[in-house]
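S.K.: Structure incoming, see below.
Taken together, the values in this text are just the output of simple stated rules run on the coordinates, not laboratory data. Nothing here was measured: the structure is a model prediction, and the numbers come from that model. Here Cβ is always computed from backbone atoms with ideal geometry, including for glycine, and neighbour counts include all displayed protein chains.
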Amino acid sequence: MIKLRNISKSYAQHQVIKSVDLSIGKGEIYGIIGESGAGKSTLLRIMNVLERPDQGEVEVNGQLLTALTGAELRRARQSIGMIFQQFNLLANKTVLDNVMIPLQLVKAPRQAQRARAMECLDFVGLAHAANKYPAQLSGGQKQRVAIARALANEPQVLLCDEPTSALDAGTTSEILAVLDNVNKTLGVTVVIVSHELEVIRSICNALAVMADGEIYDTLTITPKGITQLDKSPQSLVDKLTKEGS
Amino acid sequence: MIPDILTQYQAEIIEAIGETFVMVGISIVAAIAIGLPIGTFLYLCRVGNIMANRWVYSSLNVIVNTIRSFPFLLLVVFLIPFTRLIIGTAIGTAAATVPLSIIAIAHYARLAEQSLLDVPKGVLEAAISMGASLKDIIFKFLYVEARSGLVFGLTTSIVSFISYSTIMGVVGGGGIGDFAIRYGYQQFKTDLMLYVIVIMIILVQVIQFVGTTIARKIDKR
């Protein structure tokens, strides 16, 4: 579903991603964990070419995104949902209008836009808040609106950049339950970047551990614990393994 | 109760207000039609933004700053050959709209750029991640989120345009400010000048009130 091949990225003299290879299968909930500055958010943003890698290939849904022209890339992005730590909703638009934006971008018929947006809001349990403005919602509700917006165009992939970092523990579980539902009910492949161990452990079935621009290890998570740890771990991996076993 | 002197000069005052409205009205159109796109372009060309181009930004920035730093009276005189070229004459209300529109464009371009800078970067990021085109980014995201600031900026600009328009008498542009100087100051009718100042204060208050009310109403942040 998502394949990154030999990806590198630098800002000025600082190399933030170093020859990364990663493969994420269809229907997975995949976690990318690492400490601040490890390069995990950059790697996620490379998956929809929000950041263009200096080197390497990005393939999503069988489409080589790094080879697309501007207009083709825009069309490809319309079928890749993304949510952010700070939600990034339009404050001057109602909840319903926010969810309708992606449908307007693909020029869906007006009536269909409304019906689909309401369907997505219903899916995240916020149909009743359709006419409110984001400022009238709690953090968790804003993130649910962002998820509804990301689902509007029926994406096959949902990229989540620190989706719960701005939320308290209770709201975090609520959002993780919605993301789990997106994966289980709609079959959407979900990629979550987080620095919170609990978030990754509670929802993901596979993960990559990043440090200093590299993937230290890839692991699978089963009810019995974390397996396939076969490289020399660093502190984060140690902690993860200890708590998972 | 309208003072006698106002009744006496009623026709001239109405004509002068009409001239002010024409000059300021055309400046507002120029500010929105040309100043807003220039402000948007400046914003998009800034370093780190989606059309980042240091050379284009710096050049346009210098032009906007140069026009804004010109003492307005000197700009009017400096532009006389240009005004003559495009209007056919450098005298009269129509000719006066040229320098006024140029300062309006530069003035509003800067304020529009500042308003756009207040839009959170994340909104732009969300737009790109959704596959929005440049046109969509501008009209469906940037202007929607910056609309309150853009209206505030336009209100401030209109008040400045009215102030600028008062000196258009030097090129026969007329207007309410010119009327106050010609009749009130030069003919020693101080009371008439004071009444005209009151009219202008009321005009500015109304514009400020309307602008602020609209800006507040459309701000849902």
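S.K.: Treat each spin label as a single point 7 Å out from the Cα along the C-beta direction, and report the A:His14 to A:Glu196 distance in nm.
M.R.: A separation of 2.5 nm, rounded to one decimal place.
S.K.: Counting Lys +1, Arg +1, Asp -1, Glu -1, what net charge surrounds B:Asn61 among other residues with beta carbon under 12 Å of its beta carbon? If you can, show how the numbers build up before the last one.
M.R.: On the way: positive: B:Arg46, B:Arg54, B:Arg68, B:Arg110; negative: B:Glu113.
Neighbour charge sum, excluding B:Asn61 itself: +3.
S.K.: Quick query: amide H of A:Phe84 versus all other amide H atoms, modeled in the peptide plane; which residues come in under 5 Å with a sequence gap of 5 or more or a different chain?
M.R.: A:Asp161
S.K.: A further question on this structure: For region B:118-181, what is the charge dipole size about the Cα centre, in debye to the nearest 20, if Lys and Arg each add +1 at the Cβ and Asp and Glu each add -1 at the Cβ? The partial results should precede the final answer.
M.R.: Details: 4 positive and 5 negative charges, 25 e Å.
For region B:118-181, the charge dipole is close to 120 debye.
S.K.: Lys/Arg Cβ at +1, Asp/Glu Cβ at -1, dipole of the protein assembly as shown taken about the Cα centre: which of B:Cys45, A:Val16, A:Ala112 is farthest positive-ward?
M.R.: A:Ala112
S.K.: So, one more: I need the phi-derived Karplus couplings for region B:11-16: 6.51 cos²θ - 1.76 cosθ + 1.60, θ = phi - 60°, integer Hz, Gly and Pro marked x.
M.R.: Result, ordered by residue: 4, 5, 5, 4, 5, 5 Hz.
S.K.: Here's a follow-up. Going by how many other Cβ atoms sit within 10 Å of their own, how do A:Lys132, A:Lys142 line up, fewest first?
M.R.: Lowest to highest Cβ neighbour count: A:Lys132, A:Lys142.
S.K.: Sticking with this one: Can you tell me the dipole magnitude for the protein assembly as shown around its Cα centre, using point charges on the Cβ only (Lys, Arg +1; Asp, Glu -1), in Debye to the nearest 20?
M.R.: About 580 debye.
S.K.: Another one. Could you run the Debye sum over the Cα atoms of the protein assembly as shown, one equal point scatterer each and no solvent, and tell me log10 of I(q)/I(0) at q = 0.09 Å⁻¹, two decimals?
M.R.: Debye intensities relative to I(0), on a log10 scale: -0.72.
S.K.: Also: With a ≥ b ≥ c the root eigenvalues of the C-alpha gyration tensor of region A:1-77, is it rounded (a/c under 1.5), prolate (a/b larger than b/c) or oblate?
M.R.: Oblate, since a/c reaches 1.5 and b/c is not below a/b.
S.K.: Related question: Step by step: find N for region A:32-119, compute 2.2 N^0.38 Å, then divide the Cα radius of gyration by it. What's the final number?
M.R.: Against the compact-globule rule of thumb, the ratio is 1.29.
S.K.: Using 0.36 nm times the number of residues separating B:Arg182 and B:Ile63, minus their current alpha carbon distance, what extension gain do you get?
M.R.: The span from B:Arg182 to B:Ile63 would gain 39.4 nm if fully extended.
S.K.: Another question, if that's okay. With 10 angstrom as the radius, rank B:Phe161, A:Phe123, B:Phe141 by how many other C-beta atoms surround their C-beta, starting from the fewest.
M.R.: Going from least to most buried by this count: A:Phe123, B:Phe141, B:Phe161.
S.K.: At 1.002 mPa s and 20 °C, plugging the Kirkwood radius over alpha-carbon pairs of region B:78-221 into Stokes-Einstein gives what diffusion coefficient in µm²/s?
M.R.: Using the Kirkwood radius from Cα pairs, D works out to 121 µm²/s.
S.K.: A follow-up question, please. Roughly what would the spin-label model give for B:Leu74 and B:Val170, points 7 Å off Cα along C-beta, in nm?
M.R.: 1.0
S.K.: Hey, what do the phi angles of region B:19-30 turn into as Karplus ³J(HN,Hα) couplings, whole Hz, using 6.51/-1.76/1.60 and θ = phi - 60°, x for Gly and Pro?
M.R.: Here the 3J(HN,Hα) series is 5, 4, 4, 5, 4, 5, x, 5, 5, 5, 4, 5 Hz.
S.K.: Then there's this: In a Gaussian network model over chain B where Cα atoms closer than 10 Å are linked, find which of B:Ala96, B:Ala104, B:Ala146 has the largest mean-square fluctuation.
M.R.: B:Ala146
S.K.: Once the Cα atoms of region A:58-176 are picked out, what are the Rg and Dmax in Å?
M.R.: Reported Rg and Dmax, both Å: 14.6, 43.
S.K.: Still on this model: Using the Cα centre of the protein assembly as shown as origin and beta-carbon charges of +1 (Lys, Arg) and -1 (Asp, Glu), tell me which of A:Asn153, B:Ile2, B:Leu124 is placed farthest towards the positive end of the dipole.
M.R.: A:Asn153
S.K.: Using only DSSP helix segments of four residues or longer, with each worth -39500 (n - 2.57), what per-residue ellipticity at 222 nm results for chain A after dividing by its residue count and rounding to 500?
M.R.: So the calculated ellipticity at 222 nm is -11000 deg cm²/dmol.
S.K.: How high is the FRET efficiency from B:Gln8 to B:Met51, r the C-beta distance, R0 56 Å, rounded to 0.05?
M.R.: 0.45
S.K.: Given the protein assembly as shown, what percent of its DSSP beta bridges are antiparallel, to the nearest 5?
M.R.: Once the DSSP bridges in the protein assembly as shown are tallied, antiparallel ones form about 55 percent.
S.K.: Which residues among region B:142-181 fall inside the zone where the amide N is under 19 Å from a point 7 Å beyond the Cα of B:Ala94, along Cα→Cβ?
M.R.: B:168-175
S.K.: Could you give the size of the charge dipole of chain A about its Cα centre, using +1 on the Cβ of each K and R and -1 on the Cβ of each D and E, expressed in debye and rounded to the nearest 20?
M.R.: That gives a dipole near 840 debye.
S.K.: Using only alpha carbon pairs under 8 Å that are at least six residues apart, calculate the relative contact order of chain A and give it in whole percent.
M.R.: Across chain A, relative contact order equals 26 percent.
S.K.: What translational diffusion coefficient, to the nearest whole µm²/s, does chain A have by Stokes-Einstein, given a Kirkwood radius computed over alpha-carbon pairs, a temperature of 37 °C and 0.692 mPa s viscosity?
M.R.: It comes out at roughly 178 µm²/s.
S.K.: Another one. Pop a pseudo-label 7 angstrom from the Cα along the beta-carbon direction at both B:Leu194 and A:Asp180 and give the gap in nm to one decimal.
M.R.: Distance between the two pseudo-spin positions: 7.9 nm.
S.K.: How large is the Kirkwood hydrodynamic radius of region B:1-150, in angstrom, based on all distinct alpha carbon pairs?
M.R.: After inverting the mean inverse Cα-Cα distance, the result is 17.7 Å.
S.K.: I've got another one for you. Could you identify which residue out of B:Ile202, B:Ile91, B:Ile13 has the top mean-square fluctuation in a GNM of chain B using Cα springs shorter than 10 Å?
M.R.: Top of the fluctuation ranking is B:Ile202.
S.K.: Jot down the per residue volume, in cubic angstrom and as a whole number, of the convex hull over the alpha-carbon atoms of region A:160-215.
M.R.: Working: hull volume 4.7 nm³, N = 56.
Convex hull volume per residue, Cα atoms: 83 Å³.
S.K.: Tell me, what are the semi-axes, in whole angstrom and largest first, of the equivalent ellipsoid of region A:56-99 as set by the roots of 5 times the Cα gyration tensor eigenvalues?
M.R.: Computed over region A:56-99, the values are 28, 12, 9 Å.
S.K.: Once the principal axes of the Cα atoms of region B:59-131 are found, what is the range along each, listed largest first in whole angstroms?
M.R.: So the three principal-axis extents are 52, 23, 20 Å.
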